[in-house]
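Student: My structure is below; once you've seen it, I'll send some questions.
The values are calculated or read from the model by the stated rules, or taken from the named source; none is laboratory data. Everything quoted here is computed from the prediction, not taken from an experiment. Here the Cβ positions follow ideal geometry from the backbone for every residue, glycine too, while neighbour counts run over all protein chains shown. Just the protein is used for accessible areas: all its heavy atoms, side chains included, with ligands, DNA and RNA removed. Shrake-Rupley method; radii C 1.70, N 1.55, O 1.52, S 1.80 Å.
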Amino acid sequence: MDSDLSAEDARILDHLKDRLAQFKRHRGELIPVLQMFQEELAYLPPETIALVAAHLDVSPAEVYGVATFYNQFRFNPPGKNPIKVCLGTACHVKGADIILENFERKLDIKEGETTPDREFSIERVACVGCCALAPVALVGETVQGHMAPSKVEGLIMKVEIEKGIKARAEKKNESSRS
């Protein structure tokens, strides 16, 4: 297995190997099998391509070709704090590409990637339906309207501060139970 797999992902992958038996060994099962892996892991690590190919008796290239054709499949684990930058017409006109570039620069990842600690991931989306608030980014499920490049660092810092507060509260709760 690839060393990039987290222990949790490796455990889930082992469980999914057993679930492959419920699918016929037929090429027509390719998308449902990929969807099962995607649903459980939230992405398709390289190991899944080989497993699916072996089970369905097709080439890994064919599995990868189908998976890359559909945008529902992702090949990087999503971050705990996914960032989606709208690049629909209204947002694009108001400089959303600059917002996207700022997130990429501050997090040191490109669109479609996840930070090594799996805290953040960035993706571009076509429209979030908040054109009056353009340009828009979603941080987790929170809509951030009227985005400006200067707001990017503050949003990232806010998430990190909230994470620290939560960790301290959990540690305090653990110590009070002892």
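Student: So what's the gap between the Cα centers of region 1-69 and region 107-178, to the nearest angstrom?
Tutor: Result: 29 Å between the Cα centres.
Student: Would you mind getting the accessible area per residue of the chain, heavy atoms of the protein chains only, 1.4 Å probe, in Å²?
Tutor: Ligands and nucleic acids excluded, the figure is 60 Å² per residue.
Student: Only bridges whose two residues both fall in the chain count here: according to DSSP, what percent of them are antiparallel, nearest 5?
Tutor: DSSP beta bridges in the chain are roughly 55 percent antiparallel.
Student: Computed FRET efficiency, Cβ-Cβ of residue 161 and residue 117, R0 22 Å: what is it to the nearest 0.05?
Tutor: Working from the Cβ atoms, E equals 0.90.
Student: Quote the accessible area belonging to residue 117 in square angstrom, nearest 10, computed with a 1.4 Å probe and with ligands, DNA and RNA left uncounted.
Tutor: Only protein atoms counted, so the area is about 90 Å².
Student: Rounded to the nearest 0.05, what FRET efficiency do residue 18 and residue 170 give with R0 = 35 Å and r taken as the Cβ-Cβ distance? Could you check?
Tutor: Approximately 0.60, to the nearest 0.05.
Student: Along the positive direction of the dipole of the chain (beta-carbon charges: Lys, Arg +1; Asp, Glu -1; about the Cα centre), which of 63, 169, 102 reaches farthest?
Tutor: So the residue furthest toward the plus end is 169.
Student: Quick check for me: using +1 on Lys/Arg Cβ and -1 on Asp/Glu Cβ, what's the dipole size of the chain about its Cα centre, in debye to the nearest 20?
Tutor: 560
Student: Do any cysteines in the chain lack another Cys Cβ under 4.7 Å, and if so which?
Tutor: Cys with no partner Cβ under 4.7 Å: 127, 130, 131.
Student: Let me ask something else about it. Most mobile of 142, 48, 115 per a Gaussian network model of the chain (Cα springs, under 10 Å)?
Tutor: 142
Student: Just to verify a number: what accessible area does residue 125 come out at with the full protein assembly present, 1.4 Å probe, Å² rounded to tens?
Tutor: Here the residue's solvent-accessible area equals roughly 30 Å².
Student: Considering the values (i) 18.4; (ii) 21.2; (iii) 16.2, which represents Kirkwood radius over Cα pairs in Å as calculated for the structure under consideration?
Tutor: Label of the calculated value: (i).
Student: How large, in percent, is the carbon and sulfur part of the accessible surface of the chain at a probe radius of 1.4 Å?
Tutor: 53
Student: Can you give the FRET efficiency for residue 31 and residue 8, using 1/(1 + (r/R0)^6), R0 = 25 Å, r = Cβ-Cβ distance, to the nearest 0.05?
Tutor: According to the calculation, E is roughly 0.50.
Student: With unit charges on the beta carbons (Lys and Arg positive, Asp and Glu negative) and the dipole taken about the Cα centre of the chain, which residue among 138, 54, 30 sits farthest to the positive side?
Tutor: 138
Student: So what's the back-of-envelope 222 nm ellipticity for the chain, counting only DSSP H runs of four-plus at -39500 (n - 2.57) apiece and dividing by all residues, rounded to 500?
Tutor: -16500 deg cm²/dmol, from helical runs alone.
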